[in-house]
Every structure is written in structure tokens, then in C-alpha cells.
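A.B. asks: For reference, the structure I am asking about is given below.
Any read-out appearing in this document is the output of simple, stated calculations on the displayed coordinates, not a laboratory observation. What you are looking at is a predicted structure, and each value in this text was computed from that prediction instead of being measured. Neighbour counts run over all protein chains shown; Cβ positions are idealised from the backbone, glycine included.
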Amino acid sequence: MKLYYDLHMHSCLSPCGSEDMTPANLAAMCALAGLDVVALTDHNTCGNCASFCRAAEERGLLALAGMELCTSEEVHTVCLFPTPDQAERFGEYVYARLSPGENDPAVFGPQVYMDQGDGILGEEPRMLAGTTLIPLAEVPGLAEAYGGFAWPAHIDRPSFSLLGVLGVWDPELRFPLAELSHSCPPEFIRRRDLAGLRFITSSDAHYLDQVYTAEHVMELPERSPEAVLNWLRNGK
Ligand SMILES: [Zn+2]
Ligand SMILES: [Zn+2]
């Protein structure tokens, strides 16, 4: 079956995410946009994933729990997990490896935990959008250890991306897939170091109006989180 996806979106738990990006608002916008498969991927946390997944499932969407993990080299990677439980356990591992520092809500914006009905559960005091102590080379195996899958985010952007930091694609990192940003020029993927890679495009939405309308498609044998993860791993 063909399903429209957007697998990289932020909620109000990301300091740079709009306060309107509540789990329920985001789920409603995804449904309105005509998406079928969606994922919440806040910076270095899975804290709003369970709420978002419940809100999205109520709207008939297939929702996955995820994170945009910032490695010690300042490379953003998207990590997805089959269940919010597994994502939260991964989140605990990452939380213990955040770089030191508190969030200043007046400068960076608040980091708000919410339930599926947009009730406020609390605010995160630690700065979530910085680097972690986790090196890029550990990310694929680490995501796998929690039942998930990871890939480098927005590799065509100059900052916080694998190519921006390393300069060239490193096949020894064993990522079979990479994310391109929406504004990626078509000739970019003809770079010789990217030969053989598969690509996906997600919105990286931080505001409600940045959520994609249904455009990017995955072909799955069944409608389940495992089928999404297998499609990401193998292309089928
Ligand atoms: Zn990013
Ligand atoms: Zn992002």
C-alpha cells in the first residue's frame, strides 16, 4: 500500500519549536495535510512522543516515536522506534549524555511536556537542543539496540549535518539512507560520494504551517511501525 509520510517534526518540547506545536495540534495538522505515517522527533528527547502518538492514532494516523539526536560532532540524526516505550528508554539513555547546560526559556523558548489533550505536564529545565556526548559512529548500533533505526538528517544543509561537518559521505558509518531537506537542489544527489544511497524527504517542521501536505510516499506491505522501519532499513 502507498502511504504519505512525514517522519521529522518537532513539538513544543523543542526549544525552537513553536508553542502551537502541541501534540494534539500537530496530530490534527498531520491529518489535515493528508498524511498517513508521521513521527515526532524533538531534539534529544522523546518526552512528548507517547502523547503525540495517542493523539495521532485517534485521528487514524500511523504514528511513530522518534528523536532528532545531535551527536558529539554536531551532526543531526533522526532515530525512530517501534513503540513510545522503546523511544522513552532510548530517551533516558540520551538524557544522561546531554551536554551540560540549562535552557533559558526567554532566549531559546520553553520546552514543554504535554499530554495528548494539550494539558501541560511540566517544563524541561535542561537545554535539549545542544550536542550530546554520543559520537555519530555509535548512532546506528544504538538505535538498533532499542529496536529502532537512525539516519542522518538534512544532509544538504551546511550546518548540523553529516556532510556539513565531515565534508564527504563516510560509507563506514553504514547508513543506507539519508534525509534531504525540502529545498535540496536536484543535482545534489548526483554527488559521487552519495552513489547507492537511498533518500527520503521530511518537513523538519517547527511550526504548524511547515507540516507537509501529502507529497512523499512509502510503499509498505502492511500498515505497522515495523513495516515503516523495514522500509527505511531496506527500501521495501
Ligand atoms: Zn536538524
Ligand atoms: Zn529537526
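A.B. asks: Suppose every K and R has +1 on its Cβ and every D and E has -1 on its Cβ; what is the size of the dipole of segment 178-236 about the Cα centre, in Debye to the nearest 20?
C.D. replies: On the way: 7 positive and 9 negative charges, 68 e Å.
Value, rounded to 20: 320 debye.
A.B. asks: Fewest first, what order do Ser159, Ser99 take by the number of other Cβ atoms within 10 Å? Present the calculation step by step, with values, prior to reporting the outcome.
C.D. replies: Values: Ser159 9, Ser99 13.
Going from least to most buried by this count: Ser159, Ser99.
A.B. asks: Please list, in order along segment 17-30, the HN-Hα scalar couplings obtained from phi with the Karplus expression 6.51 cos²θ - 1.76 cosθ + 1.60 (θ = phi - 60°), rounded to whole Hz, x for Gly and Pro.
C.D. replies: x, 4, 5, 6, 7, 6, x, 6, 4, 5, 4, 5, 5, 4
A.B. asks: Sort Cys70, Cys12, Cys30 so the one with the fewest other Cβ atoms within 10 Å of its own Cβ comes first.
C.D. replies: Values: Cys70 23, Cys12 26, Cys30 30.
Exposure proxy ranking, most exposed first: Cys70, Cys12, Cys30.
A.B. asks: Next up: Given the options Pro23, Pro171, Pro84, which has the most mean-square fluctuation in a GNM of the chain, springs set between C-alpha atoms less than 10 angstrom apart?
C.D. replies: Result: Pro171 has the largest fluctuation of those listed.
A.B. asks: Given Cβ point charges of +1 (Lys, Arg) and -1 (Asp, Glu) and nothing else, what value in debye, to the nearest 20, does the dipole of segment 38-119 about its Cα centre take? Don't jump to the answer; show the numbers that get you there.
C.D. replies: On the way: 4 positive and 13 negative charges, 39 e Å.
Using Cβ point charges on Lys, Arg, Asp and Glu, segment 38-119 gives about 180 debye.
A.B. asks: Taking only the alpha-carbon atoms of segment 2-234, what semi-axes of the equivalent ellipsoid follow from 5 times the gyration tensor eigenvalues under a square root, in whole Å, largest first? Intermediate results must be reported in sequence, preceding the final value.
C.D. replies: Working: eigenvalues 119, 92, 54 Å².
Working through the eigenvalues yields semi-axes of 24, 21, 16 Å.
A.B. asks: With charges only on Cβ, +1 for K and R and -1 for D and E, what is the dipole size of segment 2-234 about its Cα centre, in debye, rounded to 20? Can you show the working numbers first?
C.D. replies: Numbers: 14 positive and 33 negative charges, 131 e Å.
That gives segment 2-234 a dipole magnitude of about 620 debye.
A.B. asks: Please arrange Val165, Val228 by how many other C-beta atoms lie within 10 Å of their C-beta, fewest to most.
C.D. replies: Values: Val165 16, Val228 24.
Ranking Val165, Val228 by Cβ neighbours within 10 Å, fewest first, gives Val165, Val228.
A.B. asks: Could you go through segment 56-61 in sequence order and give the Karplus-derived ³J(HN,Hα) for each residue, using 6.51 cos²θ - 1.76 cosθ + 1.60 with θ = phi - 60°, rounded to whole Hz, and x for Gly and Pro?
C.D. replies: Taking θ as phi minus 60°, the curve returns 6, 5, 4, 9, x, 8 Hz for segment 56-61.
A.B. asks: What is the spin-label model distance, in nm, from Ile189 to Glu74 if the labels are put 7 Å beyond Cα along the C-beta direction?
C.D. replies: According to this spin-label approximation, the distance is 2.8 nm.
A.B. asks: What's the extension gain from His206 to Ala137 if we count 0.36 nm per residue and subtract their Cα-Cα distance? List each step's numbers first, then the result.
C.D. replies: Numbers: separation 69, 0.36 × 69 = 24.84 nm, distance 2.70 nm.
Gain on extension, His206 to Ala137, equals 22.1 nm.
A.B. asks: Please check: in the Gaussian network model of the chain (C-alpha springs, under 10 Å), which one of Ala33, Ala65, Ala178 has the largest mean-square fluctuation.
C.D. replies: Checking each option, the largest mean-square fluctuation is seen for Ala33.
A.B. asks: Need one number: the % of Cα-Cα pairs in segment 73-142 sitting beyond the 14 Å mark. List each step's numbers first, then the result.
C.D. replies: Numbers: 1642 of 2415 pairs.
Tail fraction, whole percent: 68.
A.B. asks: Evaluate segment 114-204: find the radius of gyration of its Cα atoms, find its Kirkwood radius, and give the ratio Rg to Rh. Present the calculation step by step, with values, prior to reporting the outcome.
C.D. replies: Values: Rg = 15.9 Å, Rh = 15.3 Å.
Ratio of gyration radius to Kirkwood radius: 1.04.
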